[in-house]
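Chemist: The following block contains the structure, expressed as structure tokens.
The values are calculated or read from the model by the stated rules, or taken from the named source; none is laboratory data. If you're wondering where the values come from, they're calculated on a predicted model, not measured in any experiment. Glycine gets a Cβ as well: all are built from the backbone with ideal geometry, and neighbour counts include every protein chain shown.
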Amino acid sequence: MAEQEAARIGVFVCHCGSNIAGYLDMQALVDYAQTLPQVAFVQSNLYTCSEGGINEIKNAIGKHQLNRGVVASCTPRTHEPLFQGACTEAGLNPYLFQMVNIRDQCSWVHMQEKERGTAKAQDLIRMGVAKAGHLRPLSSIELEVTPGALVIGGGVAGLTTANSLANMGYEVVLVEREAQLGGLLNRLHRILPADIPAQDYLERLIQPVKQNPLIQIRTSARVESVQGYVGNFVIKVASEAGLETFKVGAVVVATGAQVLKPEGFYGYDGQRVITHLELEALQQEGRAFGGNTVFVQCVGSRMPERKYCSRTCCMTAVKNALLIKEADPQAQVTILYRDMQMYGIENEELFRRSKQRGVRYINYDPAQPPVVEADRVRVFHQLLGREVTLPAERVVLSTPLVAYPDADRISQLLRVPLDVNKFFLEGHVKLKPLDFASDGVFLCGNCRYPATIRETVSQGLGAAARAATLLSKGKMYTSGIVAEINAAACVGCQGCMDVCPYQAIDFVEDEGICRVNQVLCKGCGACSATCPSASAQLKGFTVNQILAEIDQVMAA
């Protein structure tokens, strides 16, 4: 679109079912948008993001010769690419599109104030239209993609991901911190409900990986540095082979988690009072328990220091209770629980089977936790309304999976976020469950959140598929909304370098100026806000575009 061409703006107002229409006056918004300068067409949609809504945008662009688009609906964080794609299909530069968030910023926060919420939505639409009038076409940045991947972690998730990518024809570097592959699965005895030895299952995972010529395995290894950007990462790995450099197009984080050692809980000593992982080790040695065994659930989880449920503990307890009863039907097994979380029909069946085999279940109140003594466990039985005493030769504590101590280091290397519990945080729980917000980096398995083996395998396959969508392209295009620095105005103060979280700005010493690597830039705008000479500008959010919005706010 030529610079001097007059703007013809189309405004599309979304009802979002009752999400927006239930709290705002939609007809008032449509009528108001029609009065705004440069607006050539206004349409109301029930669901603008639906196939029908997308087609209406594309049809309107052609029919009404629109050269700008504004959608007033939900958050651009999740839906902007969808609407930009519709503009592209209709022949309109996708950067001539502006999104206005009247759901999060109006209907959701003013549910009881319809008039005020509607007035605020009108202000936002007016601002969006004003900015749209100043938008200019931008071009996406083309990148070559290195057709290989780094997988960090050699447990179930990492092995599954590496094998899947290699089977698709991509070279894989698999880095494992331990001396052997397999992660926690090395320390398990049997897997239920499949009822197979854990080592047999692990062997089925490891052998294809070891035999695949496209997979380079590095054990007793760690990632030392990560440079580059999506499609072109440069990774340094330290291992017994020395310090090596690999070039890959994608990175998958599958670092797993570890079982919390319950120091200070219920007299834990690793002998009589043990964890399920220690119980599994004894089972591997053929030392199945007889006598009286008491399991205590939710040890170290669902508490102020660690509020989450580890998800796998209940199923592990039921499994081990069944294995003890199978080894010795006369053994007495009691599980003290807060809530039993048995995910899926098969696991519920195991739960029922354990009761049929004589496993006892007693619900306890965390305000009155069990008391472990020398040869017994005392617990308040809520159904009986009194304390009961259970003989206990052994006590087994169900402890949660927790993040590895090096999660912070990996987070900093890859510039990816962690949640409050140090698990890695996905880009979006629904829309990008196996992607990080940083392009080209993916995640799966227990490093994301505690998961069953079946879930971990599914996530490993999913992460491989997500990485392959990138690696298969050969070339890729990144957003044109990046920063640029006007060399004529830059004074070389390097303030922009200090605030850039992506290390996307370099200082050119012989010229005395700063320069943006637009491939690394993510368009956060920190440099533009910091630059004292206003030489750093963010495309798509230039000074005149922002001022146009501010003028509309001040005019209200």
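Chemist: Suppose the filter is closer than 30 Å to Asn517 by Cβ, of a type in the set (Asp, Glu) and not in a helix (DSSP H, G or I); does Glu178 pass it?
Modeler: Spelling it out, it is not the case that Glu178 is closer than 30 Å to Asn517 by Cβ, of a type in the set (Asp, Glu) and not in a helix (DSSP H, G or I).
Chemist: Quick one: Phe442 ticks every box in (1) in contact with a strand residue (DSSP E or B) (Cβ under 7 Å, 6 or more places away or on another chain); (2) surrounded by fewer than 19 Cβ atoms within 10 Å (Cβ to Cβ); (3) of a type outside the set (Val, Ile, Thr); (4) more than 15 Å from Val519 (Cβ to Cβ) except a single one, so which number is it?
Modeler: Unmet for Phe442, out of (1) in contact with a strand residue (DSSP E or B) (Cβ under 7 Å, 6 or more places away or on another chain); (2) surrounded by fewer than 19 Cβ atoms within 10 Å (Cβ to Cβ); (3) of a type outside the set (Val, Ile, Thr); (4) more than 15 Å from Val519 (Cβ to Cβ): (2).
Chemist: On the given criteria, is Ser139 among the hydroxyl-bearing types (Ser, Thr, Tyr) and farther than 25 Å from Gly462 by Cβ?
Modeler: yes
Chemist: Please indicate, with yes or no, whether at least one residue in segment 404-422 is of a type outside the set (Phe, Trp, Tyr), under 30 Å from Tyr95 (Cα atoms), in a helix (DSSP H, G or I) and not assigned by TED's automatic domain parsing to the domain that holds Gly267.
Modeler: Checked against the condition, which is being of a type outside the set (Phe, Trp, Tyr), under 30 Å from Tyr95 (Cα atoms), in a helix (DSSP H, G or I) and not assigned by TED's automatic domain parsing to the domain that holds Gly267, segment 404-422 yields at least one hit.
Chemist: Looking only at residues in segment 95-116 that are assigned to a helix (DSSP H, G or I) and not acidic (Asp, Glu), which one is surrounded by the fewest Cβ atoms within 10 Å (Cβ to Cβ)?
Modeler: Across segment 95-116, the extreme among qualifying residues is Arg116.
Chemist: Within segment 28-77, work out how many residues are among the aromatic types (Phe, Trp, Tyr) and under 11 Å from Phe12 (Cα atoms).
Modeler: 2
Chemist: When you go through (1) more than 20 Å from Ala451 (Cα to Cα); (2) among the small types (Gly, Ala, Ser); (3) in contact with a Cys (Cβ under 7 Å, 6 or more places away or on another chain) one by one for Gly231, which number turns out not to apply?
Modeler: Evaluating Gly231 over (1) more than 20 Å from Ala451 (Cα to Cα); (2) among the small types (Gly, Ala, Ser); (3) in contact with a Cys (Cβ under 7 Å, 6 or more places away or on another chain) leaves (3) as the failure.
Chemist: Checking the condition out of contact with any Cys (no Cβ under 8 Å at 6 or more places or on another chain), surrounded by 15 or more Cβ atoms within 10 Å (Cβ to Cβ) and either assigned by TED's automatic domain parsing to the domain that holds Ala132 or among the small types (Gly, Ala, Ser) (or both), which residue from Ser535, Ser458 passes?
Modeler: Just one listed residue meets the conditions, Ser458.
Chemist: OK, next. Return yes or no: is Gln207 of a type outside the set (Lys, Arg), under 30 Å from Ala317 (Cα atoms) and over 28 Å from the mean Cα position of the chain (by Cα)?
Modeler: yes
Chemist: Among the residues of segment 329-376, what is the count of those that are in contact with a strand residue (DSSP E or B) (Cβ under 6 Å, 6 or more places away or on another chain) and of a type in the set (A, V, I, L, M, F, W, C)?
Modeler: Final tally of qualifying residues: 7.
Chemist: Just checking, does segment 180-194 include any residue being closer than 29 Å to Val402 by Cβ, surrounded by fewer than 20 Cβ atoms within 10 Å (Cβ to Cβ), touching a residue at least 60 places away in the same chain (Cβ under 8 Å) and β-branched (Val, Ile, Thr)?
Modeler: The answer is yes; a qualifying residue exists.
Chemist: When you scan segment 413-434, how many residues do you find that are among the charged types (D, E, K, R) and surrounded by 19 or more Cβ atoms within 10 Å (Cβ to Cβ)?
Modeler: The qualifying residues number 1.
Chemist: What are the residues in segment 1-23 that are outside any loop (DSSP other than H, G, I, E, B) and either exposed (fewer than 14 other Cβ atoms within 10 Å of the Cβ) or touching a Gly at 6+ places or on another chain (Cβ under 9 Å) (or both), if any?
Modeler: Ile9, Gly10, Val11, Phe12, Cys14, Ser18
Chemist: Taking segment 379-394, which residues are of a type in the set (A, V, I, L, M, F, W, C) and either surrounded by 19 or more Cβ atoms within 10 Å (Cβ to Cβ) or in contact (Cβ under 8 Å) with a residue 24 or more places away in the chain (or both)?
Modeler: Matches in segment 379-394: Val379, Val388, Leu390, Ala392.
Chemist: Filter segment 435-469 for residues that are in a loop (DSSP other than H, G, I, E, B) and either in contact with a His (Cβ under 7 Å, 6 or more places away or on another chain) or of a type outside the set (S, T, N, Q) (or both) and give the result.
Modeler: Selection gives Phe436, Ala437, Asp439, Gly440, Cys444, Arg448, Tyr449, Pro450, Ala451.
Chemist: On to the next question. Out of Leu350, Leu397, which single residue is modelled with pLDDT of 95 or more, farther than 20 Å from Ile274 by Cα and surrounded by 14 or more Cβ atoms within 10 Å (Cβ to Cβ)?
Modeler: Step by step, each of Leu350, Leu397 is checked, and only Leu350 is modelled with pLDDT of 95 or more, farther than 20 Å from Ile274 by Cα and surrounded by 14 or more Cβ atoms within 10 Å (Cβ to Cβ).
Chemist: Now for a separate question. Only one of these conditions is not met by Thr334: (1) closer than 22 Å to Glu455 by Cβ; (2) surrounded by 12 or more Cβ atoms within 10 Å (Cβ to Cβ); (3) β-branched (Val, Ile, Thr). Which number is it?
Modeler: (1)
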